[in-house]
Structure formats: structure tokens, C-alpha cells
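Read through the structure below, which is laid out as C-alpha cells, and then see the notes.
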Amino acid sequence: MSIHNPDIKRVTTHTIQELKNRGEKITALTAYDYSMAQVVDAAGVEMILVGDSASNVMAGHETTLPITLDQMIYHASSVVRAVKRALVIVDLPFGSYQGNSEEALRSAIRIMKESGAHAVKLEGGQEIQESIVRILSAGVPVMGHLGLTPQSIYKFGTYAVRAKEDAEAAKLMEDALMLQEVGCFGVVLEKIPAALTRQVSQALTIPTIGIGGGPDADGQILVLHDLLGITKEFKPRFLRRYADLNTVMTEAIAHYVDDVKAKDFPNEKEAY
């Protein structure tokens, strides 16, 4: 069961930094709607990411690219209304920040003002440095994201592990140090070798959050629907399923169908 500190009434970026400083692991999960966010928050997770993975999980798209800024704000608003404790971070979607720092700032401000979220996350390193700096200059907390960056899937052409070669690993380290230097409060490291995660986490004073990066990141994040076993097709090595809700829900709904067909539901006690 969760052993989160009940004295922490609201998790902030300062809280996350303190967890790293004292060597306590940080927990993060995705959420996209009010009901699920309530459950995640009550369970004691420190950070909730309203991920652009909503494009896959909630809308059924093959990639994260189709989701729009308006849709991200809708999901983020739903999550923020549910959360009493966790730090809520929202992905800036594809096309809302790359190549244009002014548009990046407008996108970030819209998310913060219209959803009430606490921070934003951007994918990439030096190529988006200007956008990150401009967002930070407006007082908006930013989390970075390096390694496998799903918004660049068509550039990479594969979801394979990133930064296995020395040159790419060196660039990732440079990008991570840059993100820290400009003022990001943390960085997600996705699907990179465990040894590189350890090196980056030791080199940075800001927290690292791993997904498919081994045990040595300062924290871990998973997609909620994967952890709960609602999704079935996605089976990467790094995923641990903590439940099989797909089976539980399917059986419950099938039971309901059977009861209605058999005229067993509703019964006399369930009628007015």
C-alpha cells in the first residue's frame, strides 16, 4: 500500500526536488479524466501527467501526433478538477511549440490559464531550447523529455530503445544538462539504456523520471491504463501490470448483459 507522507498537502516542484535531495523515489502516472484522476491522486502518486498519450489511450489513434491543444486542455481541466494533492503536468502537443517560441509560450499560457494545471512538459533538447526558455521566462514550470520522444516517431521510424550508440548518448547527456541549466524542474528519460539513465541521474541535480530506463532514475512513470491492465496489446519489457481490469470489466459487463436478458435485472428491490 502507498506510504506517501500525509503531511504533504499539495505537491509542488519544490516537493519533487526535495524528494530527490533526500533519495526518496518519486512516483508519477498518467490520467486523462476526472474519475480516474481522483483515484490516482487518492492513492498517493506525487505527479500526474496529462499525457498526449491520450491520443492513443482515449481516442484510439496510432500515434500521439493527432491530439490538439484544445483537446489537451479539455483532458487537463478534467484532471485538475479531481486532484487535491498531486502536481499536475500537461504535455504540450505536437505542433504547439516546435520551431516557434512565441507559439510555444501562447500554448503553455493557454494550458495554465484554461486548465489550472501546474506545469507543462515538452519533448526534445537543444532544438527546442528557445521555446523552453521563453515559457520559463513567463513563470511556467517546465519538465523536459529526452530519449524516445513519441512526437518524433516518424523521424525515428521505430519505438526501439534510444541512445544505445555513444554519439546519441553524449547528445542526450548534453541536452539533459542544458535542460537543467535553463531552469527545467525535471526531465523524463524514456526507453534508454539503464546505464545511461544512471549516469544522467547522477550528473543532474534536478530529478529524472524514468519510463523504460531502468531502476536508477529518481522516479518512475507509467501510463495508467497499461498499469491497470485495461490495455492488452501494449506489452513492452518495462511495463509491469498491477491488475487485469480488462478481464474484470469485460466479465462484469457480460454478467450485466446476461442478467438483463434473463429478466433478472432489475429485480423488485431495484425498482421504485
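The values are calculated or read from the model by the stated rules, or taken from the named source; none is laboratory data. Just so you know, these numbers come straight off a predicted model, no measurement behind them. So basically every Cβ, Gly included, is an ideal-geometry build from the backbone, and we count neighbours across all protein chains shown.
Since LYS113 meets every condition but one in (1) touching a residue at least 24 places away in the same chain (Cβ under 8 Å); (2) among the charged types (D, E, K, R); (3) surrounded by fewer than 21 Cβ atoms within 10 Å (Cβ to Cβ), which condition does it not meet?
With respect to (1) touching a residue at least 24 places away in the same chain (Cβ under 8 Å); (2) among the charged types (D, E, K, R); (3) surrounded by fewer than 21 Cβ atoms within 10 Å (Cβ to Cβ), LYS113 is out only on (1).
Test HIS225 against the stated conditions and say whether it is out of contact with any strand residue (DSSP E or B) (no Cβ under 7 Å at 6 or more places or on another chain), modelled with pLDDT of 95 or more and within 30 Å of ILE128 (Cβ to Cβ).
yes
Taking the range 127-148, which residues are free of Cβ contacts under 8 Å to residues at least 40 places away in the same chain, farther than 17 Å from GLU190 by Cβ and of a type outside the set (Val, Ile, Thr)?
Residues satisfying the conditions are GLU130, SER131, ARG134, SER137, ALA138, GLY139.
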